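See structure below.
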Amino acid sequence: MKKLLILTLLAASSVFADTGNTVITNTSDRPVPVTIITKSGTTVTVDRPPTAYHLTANGTTTVTSTTAYIKAIQITCTTAGTTETITIRDKGGTPKTLYQSGTLVVGSVFTYQGAPLLMTGGIDIIYAGTTAGVVDVFLTYSQ
């Protein structure tokens, strides 16, 4: 009986053993979600899916109200407004401005991709001016 039990355990362990690389196929009908977790010192962050905002009216858009780290930004103006500007800043007690444009014109583009930038308390996008145009903002960040 002991021999049978030992043989059964050995057979079962080989079935579940890690035999090397695992290949995962990501098909459109069965997508595989991917989450990237990063650790820097004692800070652990999780990448959020890239987000996009199509801004057509003046105002403040809150991306998140939790401390975040911006990894990439792309801002594109496709329709100019009148004296329109865009600002990206954190939501700290005294907000720190990451980016503030001059007056936007068609074709205005701003791009950042690099080391994660700390946004204490969250991220706000502020679109302001006399008459709104159309601006698209693409962000990649982690929390």
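Derivation of every value follows stated rules applied to the coordinates shown; laboratory data play no part. None of these values were measured; they are calculated from a predicted model. Methodologically, a virtual Cβ is constructed for each residue, glycine included, from the backbone with ideal geometry; neighbour enumeration extends over all protein chains shown.
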Task: Residue order, fewest to most beta carbons within 10 Å, for Y69, Y99, Y127 - done: Y99, Y69, Y127
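Dipole of the stretch 38-142, Cα-centred, from +1 at each Lys and Arg C-beta and -1 at each Asp and Glu C-beta, to the nearest 20 debye?
Taking the Cα centre of the stretch 38-142 as origin, the dipole is about 280 debye.
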